[in-house]
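Taking it in order: structure first as structure tokens, then the write-up.
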Amino acid sequence: MQSPTDHAGKALTKNKHLVQWVEEMARLTKPDQVVWCDGSEEERHQLTEQAVASGVLLPLNQQKLPGCYLHRSNPNDVARVEQLTFICTPTKDEAGPTNNWMAPEEAYKKLGALFDGSMKGRTMYVVPYVMGPVGSHHSKIGIELTDSVYVVLNMRLMTRMGRAALTMLGESNDFNRGLHSTLDINPERRFICHFPQDNTIWSVGSGYGGNVLLGKKCLALRIGSYLGRNEGWLAEHMLILGVESPEGEMTYVAAAFPSACGKTNFAMMIPPKRFKGWKIWTVGDDIAWMRPGEDGKLYAVNPEFGYFGVAPGTNVKTNPNAMKTIAKDTIYTNVALTKDGGVWWEGKDGATPAELTDWTGKPWDPGAPSKAAHPNSRFTAPSTNNPALSKFYDDPHGVPVSAIIFGGRRATTVPLVMQAFNWMNGVFFGATLGSETTAAATGKVGVVRRDPMAMLPFCGYDMGTYFGHWLRMQGTVTNPPKFFLVNWFRKNQDGKFLWPGYGENMRVLKWIVDRARLRVGGQETPLGWVPRSGDLDLSGLDIPHEDVDAATNVDLDEWTAELDSMGEFFKTLGPTLPNVLELHRQVSLERIRIMRDGQKAATKSA
Ligand code: OXD
Ligand code: MN
């Protein structure tokens, strides 16, 4: 085994726990060589050249897209695989009813057999990385061992990778142990296993995104949520943004949305003209780690260092800041290629180019039903490219969160915005979060899938216990944020969206900020507070006010059905569901019933 040195032969670490574990994993996987990554520019050059030479990366037009490359994954390996993702806690109950579970001994045995000799003829890269600002008490260290140069180059963009992580680790044994081999990219031999009690992740048989960039969903959410429960903090599938007023007042907001609800767009939003002088600053677009500070506020850091965003639908209207972010130093995966070495995807600006190579590398036929770019094609870009990057994105203390938002895609029922009465009610909003599936994903439109806190695929332990942890956290946050539910996707009876969305969401965000700062009105309903007409700033917005009224309406019949459906979902979670959440559901139903009685009585006497 080579000693841990960087590309120039300088010593990298003396950490005996780490060196021993790397040796052990090398004995199992039997690579031809072990290369320790230092995160330097020289290393990036070397690895990029190597990736180009071996066809893993295709250089794009360097005049138009400097430092940008295209990667095409195996067509059988284009997304996260929830059905092959396992939480391997000692008991099935600890993983809970919403996760796939495998016993740890069985998982180590099964995957151990697959890893045995899996790196023969290959290089094992040792990728040290920090999730969170280097040196911060929020942050965690991970080491990913991988045989994929694509993974190394992506980890370099998505995390603080290299020597800094080893320096922060020092002699400590406290690091996440991640092992990844692409094996033969065979879905039959593909498993993503998490061992929270061992702070370990084993991923085999995939080369794609969330399955293999182990810092992201695997460590920052699944293992992170488990560590957070033991250590008194929260690992959440939330963007973090700062809202700056023209007077320079800054308010931080964290927001959870299931996929395909425009999280990256919201995190990088540009306010409309009416909001002259207002600015949105991105701290993170996908994950928030939050813990109480000494002042009793909840402080959040973005553990990531880059964006792994969905390309289709990204354009100068939906997300101008993202378009600037991905103009250089970006790895594109599974997008289409233009004749002059540019990139294209469905929903990009301008006319569809006449000649395109599709995401599989074949000439694209515009008449064929298949898409030119894969619907889950991605960009991996450094956050430092983002013109709206918050200057506190790397602050070791994190930013104080004044509002927490939960949002989904709902054609009916859920108003444009609603504020919870209190922390428990906020946890209820998150616990019952639902979003409608799109035709592309399921073939059925409008089916509500409950995705609690947008964490359904990412919670590393039992969901009911996770809600209990959220509820208990109130005891440690004496200066708590306010909670909100939002829905940009409500439709009228003709199926037309009632709210324009995108930058106009700034108007909703302003109400949220003003509510969090106790300075704007609202209307109490049995479910929460909604803006009265006049509370939302609508100046310069050219849509009928009736549409806004319809978008913010709380319909008691719709909510009765909604609360019933939430009850059905709660039943699936088993005995660990905190009683207070079910009681809150029943109280909400009872409040609706009483209010209805009052309304009926008033109509009769009128
Ligand atoms: C993501 C996801 O890639 O949520 O961020 O799937
Ligand atoms: Mn995500």
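The values are calculated or read from the model by the stated rules, or taken from the named source; none is laboratory data. The model shown is predicted, which means the values in this text are computed figures rather than measured ones. Cβ: placed from backbone, ideal geometry, glycine included. Neighbour counts: every protein chain shown.
Could you tell me which residue of region 31-61 is nearest to Trp21 (Cα to Cα), considering only residues that are among the small types (Gly, Ala, Ser) and surrounded by 14 or more Cβ atoms within 10 Å (Cβ to Cβ)?
Per the criteria, the residue is Gly39.
Pull up region 372-397, narrow it to residues that are in a loop (DSSP other than H, G, I, E, B) and out of contact with any strand residue (DSSP E or B) (no Cβ under 7 Å at 6 or more places or on another chain), then point me to the one that is surrounded by the fewest Cβ atoms within 10 Å (Cβ to Cβ).
Lys391
Mind checking which residues of region 502-541 are surrounded by fewer than 15 Cβ atoms within 10 Å (Cβ to Cβ) and part of a loop (DSSP other than H, G, I, E, B)?
Once the filter is applied, which keeps residues that are surrounded by fewer than 15 Cβ atoms within 10 Å (Cβ to Cβ) and part of a loop (DSSP other than H, G, I, E, B), region 502-541 yields Arg517, Leu518, Arg519, Gly521, Arg532, Ser533, Gly534, Ser539, Gly540.
Scanning region 215-269 for residues that are within 18 Å of Asp174 (Cβ to Cβ) and small (Gly, Ala, Ser), which turns out farthest from ligand 2 (Cβ to nearest atom)?
Selected residue: Gly232.
Quick test of your reading of the structure: Cys218 fulfils all but one of (1) out of contact with any helix residue (DSSP H, G or I) (no Cβ under 9 Å at 6 or more places or on another chain); (2) within 16 Å of ligand 1 (Cβ to nearest atom); (3) not in a strand (DSSP E or B). Name the failing condition by number.
(1)
May I ask you to list the residues in region 571-606 that are touching a Pro at 6+ places or on another chain (Cβ under 9 Å) and among the small types (Gly, Ala, Ser)?
If the condition is that a residue be touching a Pro at 6+ places or on another chain (Cβ under 9 Å) and among the small types (Gly, Ala, Ser), then Gly574, Ser588 are the ones that fit.
Would you check if Trp281 is under 27 Å from Gly501 (Cβ atoms), among the aromatic types (Phe, Trp, Tyr) and away from ligand 1 (no atom under 14 Å from the Cβ)?
For Trp281, the condition - under 27 Å from Gly501 (Cβ atoms), among the aromatic types (Phe, Trp, Tyr) and away from ligand 1 (no atom under 14 Å from the Cβ) - is met.
Pairs needed: first member in region 26-40, over 14 Å from Lys120 (Cα atoms); second member anywhere, modelled with pLDDT under 95 and of a type outside the set (S, T, N, Q); C-beta distance under 6 Å; at least 6 residues apart or different chains.
Close Cβ pairs satisfying both conditions: Trp36/Pro4; Trp36/Leu12; Asp38/Asp6.
Is there any pair with a first residue in region 62-80 that is farther than 26 Å from Pro187 by Cβ and a second that is assigned to a loop (DSSP other than H, G, I, E, B) whose Cβ atoms are under 6 Å apart and which are 6 or more apart or on different chains, and what are they?
Lys64/Gly342; Pro66/Lys328; Gly67/Lys328; Gly67/Asp329; Cys68/Leu60; Cys68/Thr330
Kindly indicate whether Ile543 is assigned by TED's automatic domain parsing to the domain that holds Leu433 and either under 15 Å from Ala420 (Cβ atoms) or in contact (Cβ under 8 Å) with a residue 40 or more places away in the chain (or both).
yes
Looking at Pro272, is it in contact with a strand residue (DSSP E or B) (Cβ under 8 Å, 6 or more places away or on another chain), in contact (Cβ under 8 Å) with a residue 60 or more places away in the chain and more than 16 Å from ligand 2 (Cβ to nearest atom)?
So Pro272 fails the test.
Among the listed residues Gly135, Gly112, Gly117, identify the single one that is more than 30 Å from Ser390 (Cβ to Cβ) and either of a type in the set (Val, Ile, Thr) or in a loop (DSSP other than H, G, I, E, B) (or both).
That would be Gly117, the only listed residue that is more than 30 Å from Ser390 (Cβ to Cβ) and either of a type in the set (Val, Ile, Thr) or in a loop (DSSP other than H, G, I, E, B) (or both).
Which count do you get for residues in region 169-204 that are farther than 24 Å from Leu70 by Cβ, in contact with a strand residue (DSSP E or B) (Cβ under 6 Å, 6 or more places away or on another chain) and not in a loop (DSSP other than H, G, I, E, B)?
The number of residues fulfilling the criteria is 13.
How many residues are not polar (S, T, N, Q) and not in a strand (DSSP E or B) when one looks only at region 398-419?
8
Checking the condition surrounded by 24 or more Cβ atoms within 10 Å (Cβ to Cβ) and more than 16 Å from ligand 1 (Cβ to nearest atom), which residue from Ala403, Ala431 passes?
Ala431
Is it fair to say Ala79 is within 20 Å of Met455 (Cα to Cα) and within 16 Å of ligand 1 (Cβ to nearest atom)?
yes
Looking at (1) surrounded by fewer than 18 Cβ atoms within 10 Å (Cβ to Cβ); (2) closer than 23 Å to Leu28 by Cβ, can you tell me which one Gly67 breaks?
(2)
Output the qualifying pairs, or none if there are none: Cβ atoms under 6 angstrom, residues six or more apart or on different chains, first residue in region 200-223 and on the phi > 0 side of the Ramachandran plot, second residue of a type in the set (S, T, N, Q).
Hits for this filter: Gly205/Asn186.
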